[in-house]
1. Inside segment A:359-381, can you point out the residues that are in a helix (DSSP H, G or I), surrounded by 17 or more Cβ atoms within 10 Å (Cβ to Cβ) and without any contact (Cβ under 8 Å) to a residue 40 or more places away in the chain?
2. Looking at segment A:330-347, is at least one residue charged (D, E, K, R) and not in a loop (DSSP other than H, G, I, E, B)?
3. Quick check on this structure: which one of B:PHE178, B:PHE202 is surrounded by 21 or more Cβ atoms within 10 Å (Cβ to Cβ) and touching a residue at least 40 places away in the same chain (Cβ under 8 Å)?
4. All but one of (1) under 13 Å from the mean Cα position of the chain (by Cα); (2) part of a helix (DSSP H, G or I) hold for A:GLY325; state the number of the condition that does not hold.
5. Being closer than 26 Å to B:GLY120 by Cα and among the aliphatic types (A, V, I, L, M): is that true of B:ALA263 here?
6. Does B:LYS106 qualify as being touching a residue at least 40 places away in the same chain (Cβ under 8 Å) and among the charged types (D, E, K, R)?
7. Restricting attention to segment B:415-468, which residues are within 14 Å of chain A (Cβ to nearest Cβ) and either on the phi > 0 side of the Ramachandran plot or aliphatic (A, V, I, L, M) (or both)?
8. Do any strands (runs of 3 or more DSSP E) entirely within segment B:274-393 hold 3 or more residues that are under 28 Å from B:LEU461 (Cα atoms), and if so, which?
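The values are calculated or read from the model by the stated rules, or taken from the named source; none is laboratory data. Remember, it's a predicted structure, so these values are computed and weren't measured experimentally. Counting neighbours? That spans all protein chains shown, and the Cβs are built from the backbone with ideal geometry, glycine included.
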Amino acid sequence: MATNILMPALSPTMEKGNLAKWLKKEGDTIKSGDIIAEIETDKATMEVEAVDEGILAKIVVPEGTSDVAVNEIIGVIAAEGEDASAASAPAKPATAKTEAPKTEAPKAEAPKADAPKTEAPQAQPARAEAPKPAAAAASGERAFASPLARRLAKEAGLDLAAIKGSGPHGRIVEKDVEAAKAGGGAKAAPAASAQGAPAAAAAKPAAAAMPAGMPDDMVKKLFPAGSFEEIPHDGMRKTIARRLTESKQTIPHFYVTVDCELDALLKLRAELNAAAPEKDGKPAYKLSVNDMVIKALALALRAVPDANVSWTENTMLKHKHADVGVAVSIPGGLITPIIRDACHKTLSQISNEMKDLAARAKARKLKPEEYQGGTTAVSNLGMFGVKDFAAVVNPPHATILAVGAGEQRAVVKGGQLAVATVMSVTLSTDHRAVDGALGAELLAAFKGFIEKPMAMLV
Amino acid sequence: MADYDIIIIGSGPGGYVAAIRAAQLGFRTAIVEREHLAGICSNWGCIPTKALLRSAEIMHYGQHAKDYGLVLEGSFKADLEAIVKRSRGIAARMNNGVQFLMKKNKVDVIWGEATITKPGAISVVPTRKPPVQPQVPPPKNVKGEGSYTADHIIVATGARPRALPGLEPDGKLIWTYFEAMVPKTMPKSLLVMGSGAIGIEFASFYRTMGVEVTVVEVMQQVVPIEDAEIGAFARKAFEKQGIRILTGSKVTKVEKSADAVTAHIEDDKGGKQTITAERMISAVGVVANIENIGLEAVGVKTDRGFIAIDGLCRTNVKGIYAIGDVAGPPLLAHKAEHEGVICVEAIKGLHPHPMDKLMIPGCTYCHPQIASVGLTEAKAKEAGYDLKVGRFPFVANGKAVALGEDSGMVKTIFDAKTGKLLGAHMVGAEVTELIQGFVVAMNLETTEEELMHTIFPHPTLSEMLKESVLDAYGKALNA
């Protein structure tokens, strides 16, 4: 019995991905559990595991193919000795397993002849021109929208997944699309990650509607032909563009800045690092200032719990844990892996976890649950000598801390000019969720931990 | 605690439906009625007129029996008394049905005239208005005179025929729909003032019964709210039946003699004439019943003679709501019913969707029937849409031809840009039963594509719906 391998959904929000690489060739024998392919999603590269045994009879989607819709047939496994051609007909669907949490992965429905019409504008060729294999294209998570809303969204280049439906059972209707068109992301689902968006249950919790900017052709016309190279957006670039546009359009940002003296922290850090025990001939940990910033922010959120929140249209999510995302710059973009429950972790745990996450982020091997969610974030540009900057809140977070360089500055102490190592930090808040005074209170608590760092050890 | 959660004043289609929904949602509910349980619709409007028109329709088939290969021998004539009796019997059944529904849903019926004394309180006195006869007696075990309190008061007092100064109905020579529905004798000639749904339905009924009918309409087309093309089509059909139609004309004055009225008619080009007819029907619209119910005392705002409400039927005064005719146009029973449900569900906190008035279908049961929903072609153009307009004639539909009803058309109007169905307009046999297909389509926001993908059964009149859509996109098959 031939079995189709379907494009897996690696996260609840995934609609399509790039088939980066086949690790098996046609004709290869496959055992259950074998890694057969690599899928690149918006932020990570994931491995596709086989759950059936047999021969990889056919590769339907060649490697290097972009924007493969979830549940599209990417390959066919035939039983030993079975004619591969027998497998091209509609066969038993859905046997690809992935590392993504199973419970969250959208279930594939019975195959429908109807192609999914829910994708962003660039997604699908029109059905008429390019009929898909009959069994393919079962849309796992069809956006619930009226035909007119679908057409209007397509014409306006809006992603239905980002629009909140106001019709019966959350159905997206004409006026929702009109509102999204008129008000940018005004009606768009506010939260971005699966766990952050209970209010947007009907709409898929993804990005905000992208405004139709200047058309590509118009931009290109501004430059002489041949004077530039065109680099197609990869999944990460698209996600960054979409999510940050959403953030700036939907989140009223508010900024507070303080200077923190670092001398005590640097001294403690040196002492702690000097005291690190040896493990396999290396120190068991090497704390960075950033590791201590992560911990200080987590402790500050615990001290000011009203700031540890996420905004949703209907309710405020007040979090019980302080999960700190840390922006990691990687080739081609950035990603924000999360240190979960950071206030209950020791500095050495945070430090080692961060090193592991950063290394895997650079290799694009993070799992979705390692970068989705979080309750706040840290963005540190100190290593580039940046003195002070303001970061963009990354929903569902309500805050993000932008950390500048620690540098020796003239300060006034007891009426005397003195030299101290000072680091400026700027907290951006989602003003819907964290008001200015609350943000200031959080920042004051943070400053307290940074300037009296022993408090972080107890 | 108040006596009731909700008191509804008026038991017409808006009021009694609101009462049932309220009871279903667990509200302690009472409904006040002063004259006819189930209101004008069941007693003096929609339903008894349909009964009369059905008699006329069968009369029409009798007159055309030989077209169908049938020979009627002996006499075939209308028994006016029996026709009216049948109509009244049907009205009474509707009235009794609502009595039963109130009892079944444990809704208290309070008999009398209600006045809102302050938000949350009404006083009821015995009915002062002499009832229109015949009257179905009030149900047993009703509550009567007294003061009642309720957290929410819904005004559903409906509307009554408009009277033009100098042309006031007198019940004898100049009729309203009340008298027109229960004629003792068939007049030889009839002048109908106004060609809206009420006027044109009576014109149709009386014409089929052999009366010489003239319709005077101040606007440029008959059934003025309908699409111009449909109006023109209907006019031709009416004229073919022998109805005389004067558009752009108004009655300026009437002179009454013992058994006739002479109407002075002026057209918009200054032309004058007089027409003498045995009876005249004044069907120049209705006015809302906003008087003597205490609105002024509690400060409920009105707008152009109707109670002003928001999308959830709330007036400007907390705890006071209005639904149906008294709350503004379109003055249709199904609009009132829907508002009744919206109003009560909003009180319950169920977040109903506010009324979209563009999705309210309208039906006129003249011969040929007229039905429509959404924008007319003129209104759609006015709104700035680029249009795709489709038409399909009854003469090209097999079922219509087989029925001997090959006169009519189905017209559809789409937004060329988005494929949104903006309006649908029909004239011809049974179109009042066909329009709902497009109403559902509009509510589901289908585009032309889904309608073209929908399979319509053959042979039916409904196939014309699809053909009209196809025609809008140049794809009609049978035209």
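1. Residues of segment A:359-381 in a helix (DSSP H, G or I): A:359-362, A:368-371.
Narrowing the set further to residues that are surrounded by 17 or more Cβ atoms within 10 Å (Cβ to Cβ) leaves A:360-361, A:368-371.
Hits for segment A:359-381 are A:ARG360, A:ALA361, A:GLU370.
2. Taking segment A:330-347 as the starting set, the residues that turn out to be charged (D, E, K, R) are A:340-341, A:345.
From what is left, the residues that are not in a loop (DSSP other than H, G, I, E, B) are none.
The answer is no; no qualifying residue exists.
3. Details: B:PHE178 fails: surrounded by 21 or more Cβ atoms within 10 Å (Cβ to Cβ).
Answer to the check: B:PHE202.
4. For A:GLY325, the failing item is (2).
5. Working: closer than 26 Å to B:GLY120 by Cα: no; among the aliphatic types (A, V, I, L, M): yes.
So B:ALA263 does not fit the description; no.
6. Details: touching a residue at least 40 places away in the same chain (Cβ under 8 Å): yes; among the charged types (D, E, K, R): yes.
Criteria met by B:LYS106.
7. B:ALA416, B:GLY419, B:LEU421, B:LEU422, B:VAL440, B:ALA441, B:MET442, B:LEU444, B:GLU445, B:LEU451, B:MET452 - these are the residues of segment B:415-468 that are within 14 Å of chain A (Cβ to nearest Cβ) and either on the phi > 0 side of the Ramachandran plot or aliphatic (A, V, I, L, M) (or both).
8. Working: elements: B:279-282, B:286-288, B:320-322, B:362-364, B:370-374, B:387-393.
So the answer is B:362-364, B:370-374, B:387-393.
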